[in-house]
Amino acid sequence: MPQPRTLFQKIWDSHVVHKNDDGTCVLYIDRHLVHEVTSPQAFEGLRMASRKVRRPDATLAVADHNVPTSDRSKGISDPESRLQIETLTKNCNEFGITLFDMNDKRQGIVHVVGPEQGLTQPGMTIVCGDSHTSTHGAFGALAFGIGTSEVEHVLATQTLLQKPAKNMRITVDGTLGAGVTAKDVVLAIIGTIGTAGGTGYVVEFAGSVIRDLSMEGRMTVCNMTIEGGARAGLIAPDETTFEYIKGRPYAPQGDDFEKAVSYWKNLASDDGATYDKEVTLKAADIAPQVTWGTSPEDALPITASVPDPANTNDPARKAAMERALSYMGLAAGQKLTDVKIDKVFIGSCTNGRIEDMRAVATIAKGRKVAEGVYAMIVPGSGLVKAQAEQEGLDKIFIEAGFDWREPGCSMCLAMNADRLEPGERCAATSNRNFEGRQGKGGRTHLMSPAMAAAAAVTGRLADVRELS
Amino acid sequence: MQKFTTLKSIAAPLDMINVDTDMIIPKQFLKTIQRTGLGKFLLNDLRYNDDGSEKPDFVLNKPEYRSANILVAGDNFGCGSSREHAPWALLDFGIRCVIAPSFADIFYNNCFKNGILPIALPKDQVDALMDKAKEGREIAVDLSDQTVRAGNDVVFSFEIDPFRQHCLLNGLDDIGITMAQAAEIDGFEAQQSSLQPWLYAKK
Ligand code: SF4
């Protein structure tokens, strides 16, 4: 009997091109996604060394971080953003890479586009110069973010130099309560393991809760694996996965699809495979979550109150909490549901997919965005936008007073014109609440799309269960 | 890439945990298409007031630390985004070595690609070095014998992956190393395309 292996070990083993004596491997990369922010210096490096892109056919580029989410017909007014996007176009032309540019219907956030196009498939290795590449792990692909030097390495060689990570399994069993979504699950996980809890690990998510999630929900969970410090999250592929992929433009077609499915079915971790670390959570213990601080691990059930730094013994943690409370303008002991908000951001590669749009519409329908609150919805891609409009969701949003915008990263990181002003407080469905992330001095509370919609219509952090 | 062998310098103490890459280099500086010139924006929001003037209390603005080549920081340094702009900004400022109890994976990796040595040490040892840094004492790092020294009394040894150590000591570009293995990559592709032809289907 061969040694039982985990999903991670199987993907790893099937991609090792060469192993050095010290264990460093040349790892083959099946798909490479490229965006405008982390690629210019990599292409420049290729040019300087007179190198080519080894597999343009395995590479897809999309402009997402800098694009305006308002009318694009007049181009981009910010000269630096424009230059970065023009540089991407120029590089893709020069090196023969397919690009979904700003005016392409398929354009969107790179981690929404890859799966939507069927480019993301089980058993693959996928990289992108972006930490949220972990998203693609939802399909049982080993997917992780890399830096620009590594982008250049992959462009030139279609490989990366890597050492195998340790393997952790996080099991969530039971049934989620009403109003509790994939986002709440992953925030609860990060709240449990901490933002460095996964450092050095690839995390496999398992258990009945994960099995029961849709592909969209699984992507939300894997997306935020990086917020728990792990570079990659993985979920074993199953019928839900195959069903999602089937028929998409870049998916295997015809006979190839059947062949691929039989290969994919063997990827799941073997019985008896072991992990370096195991963590378990019970679904029943997870309530709708919000973050109160400036680290994604600062997540609490919406029913809780702002914690008191005086209750912690670790001086570094205490200092970080005090700093977070002062930055966030919150007082210890304040009820989270009493915290008023100014803005709402619904979108990002965590929660900018069609299901997220539907979840927001469910809460928004027949309600109005609270007085004094500005709420924006930024679909994750042009195709998500089109689908939502086909389902009539846009009418519900607009009727309720939401601003319905063009796809892109938008206020997730505020590289375009969408941003918070100093002191403004935002209910956001994105993945990072770092200081200044959504605009200098801006205050971000992370939560699920339904919770963000509840915040929009009540004007404060709200428990979505009281609205449904 | 610049070699790293030994380094002796004043070390700037940045006594904070979870210093994320958004903090190290905020997004408005990611619009550059170059690698250089980011040093003046390193830790921008901690370093400057809204009107662009310096915050005199911030460590990198203090005269004694302006030319520091070493940074000593708290747990989970470099967490967050994959932006290599973070090590580029550190390098452009003059930082060649960061010492912390732990680093986020992608940042840690990115450092080596840019000739920066990240050193992870147990927390009590980092605390000791933090104290030395705060006293304005020099810290000496030797990559070949894997030691960090502050004066005669404080000597710690650190772990490093042998391949990374070799590349850093010799300033090697790993793309070149991998390209020399092109025949093996060709062989891998030939085998993979026969087993999983859909990975090579032209769209
Ligand atoms: S949506 Fe946000 S987290 Fe996702 S890729 Fe864009 S900037 Fe990064």
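Structure data summary
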quantity: A:CYS426 of a type outside the set (S, T, N, Q), within 14 Å of the ligand (Cβ to nearest atom) and within 12 Å of chain B (Cβ to nearest Cβ); calculated: no
quantity: Residue within segment B:37-46 that is surrounded by fewer than 11 Cβ atoms within 10 Å (Cβ to Cβ) and under 15 Å from B:PHE93 (Cα atoms) present; calculated: no
quantity: Which numbered condition A:MET321 misses (of (1) buried (at least 23 other Cβ atoms within 10 Å of the Cβ); (2) within 16 Å of the ligand (Cβ to nearest atom); (3) within 14 Å of chain B (Cβ to nearest Cβ)); calculated: (2)
quantity: Residue that is nearest to B:PHE29 (Cα to Cα), among those in segment A:65-97 that are away from every other protein chain (no Cβ under 13 Å) and within 16 Å of the ligand (Cβ to nearest atom); calculated: A:PRO68
quantity: Residue that is farthest from the other protein chains (Cβ to nearest Cβ) [pool: residues in segment A:18-57 that are surrounded by fewer than 21 Cβ atoms within 10 Å (Cβ to Cβ) and aliphatic (A, V, I, L, M)]; calculated: A:MET48
quantity: Segments classed as helices (runs of 4 or more DSSP H), wholly inside segment B:21-111, with at least 3 members that are at pLDDT below 95 and away from chain A (no Cβ under 13 Å); calculated: none
quantity: Within segment A:399-423, tally of residues that are away from chain B (no Cβ under 14 Å), closer than 14 Å to A:THR69 by Cβ and among the acidic types (Asp, Glu); calculated: 2
quantity: Residue ID - farthest from the chain's Cα centre (by Cα), chosen from residues in segment A:434-454 that are part of a loop (DSSP other than H, G, I, E, B) and more than 10 Å from chain B (Cβ to nearest Cβ); calculated: A:GLY442
quantity: Residue count, segment A:341-390 (criterion: away from the ligand (no atom under 13 Å from the Cβ), of a type outside the set (Lys, Arg) and assigned to a strand (DSSP E or B)); calculated: 5
quantity: Residue check, A:SER14 touching a residue at least 60 places away in the same chain (Cβ under 8 Å) and within 16 Å of the ligand (Cβ to nearest atom); calculated: no
quantity: Selection count, segment A:396-418, where residues are touching a helix residue (DSSP H, G or I) at 6+ places or on another chain (Cβ under 6 Å) and either in a loop (DSSP other than H, G, I, E, B) or within 10 Å of the ligand (Cβ to nearest atom) (or both); calculated: 5
quantity: Hey, A:LEU393 within 14 Å of the ligand (Cβ to nearest atom) and either buried (at least 24 other Cβ atoms within 10 Å of the Cβ) or modelled with pLDDT of 95 or more (or both) or not; calculated: no
quantity: Only one of A:GLY233, A:GLY229 that is at the interface with chain B (Cβ under 10 Å from one of its Cβ atoms) and closer than 18 Å to A:THR171 by Cα; calculated: A:GLY229
quantity: Residue match in segment A:271-288 (condition: under 18 Å from A:LEU461 (Cα atoms) and hydrophobic (A, V, I, L, M, F, W, C)); calculated: yes
quantity: Of the criteria (1) under 24 Å from A:GLN117 (Cα atoms); (2) touching a helix residue (DSSP H, G or I) at 6+ places or on another chain (Cβ under 9 Å), which one A:GLU86 fails; calculated: (2)
quantity: Residue, surrounded by the most Cβ atoms within 10 Å (Cβ to Cβ), within segment A:271-313, restricted to residues that are closer than 20 Å to A:PHE434 by Cβ and charged (D, E, K, R); calculated: A:ASP298
quantity: Those residues of segment A:117-165 which are facing chain B (nearest Cβ under 7 Å), within 16 Å of the ligand (Cβ to nearest atom), more than 25 Å from A:ALA206 (Cβ to Cβ) and part of a helix (DSSP H, G or I), in sequence order; calculated: A:THR148
quantity: Inter-residue pairs, beta-carbon under 6 Å, first among the small types (Gly, Ala, Ser) and in segment A:293-310, second assigned to a loop (DSSP other than H, G, I, E, B) and surrounded by fewer than 24 Cβ atoms within 10 Å (Cβ to Cβ), 6+ apart; calculated: A:SER305/A:GLY333
quantity: Positions within segment A:98-114 being away from the ligand (no atom under 16 Å from the Cβ) and either under 21 Å from B:LYS31 (Cα atoms) or assigned to a strand (DSSP E or B) (or both), in sequence order; calculated: A:THR98, A:LEU99, A:ASP101, A:ASN103
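Residue-by-condition table, conditions (1) loosely packed, with under 12 Cβ neighbours inside 10 Å; (2) charged (D, E, K, R); (3) touching a strand residue (DSSP E or B) at 6+ places or on another chain (Cβ under 7 Å):
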{"position": "B:ALA140", "(1), (2), (3)": "no, no, yes"}
{"position": "B:PHE158", "(1), (2), (3)": "no, no, yes"}
{"position": "B:GLN165", "(1), (2), (3)": "no, no, no"}
{"position": "B:ILE175", "(1), (2), (3)": "no, no, no"}
{"position": "B:GLN181", "(1), (2), (3)": "no, no, yes"}
{"position": "B:GLU184", "(1), (2), (3)": "no, yes, yes"}
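The values are calculated or read from the model by the stated rules, or taken from the named source; none is laboratory data. Bear in mind the structure is a predicted one, so any value in this text is a computation, not a measurement. Note that each Cβ is placed from the backbone with ideal geometry, even for glycine, and that neighbours are counted across all protein chains shown.
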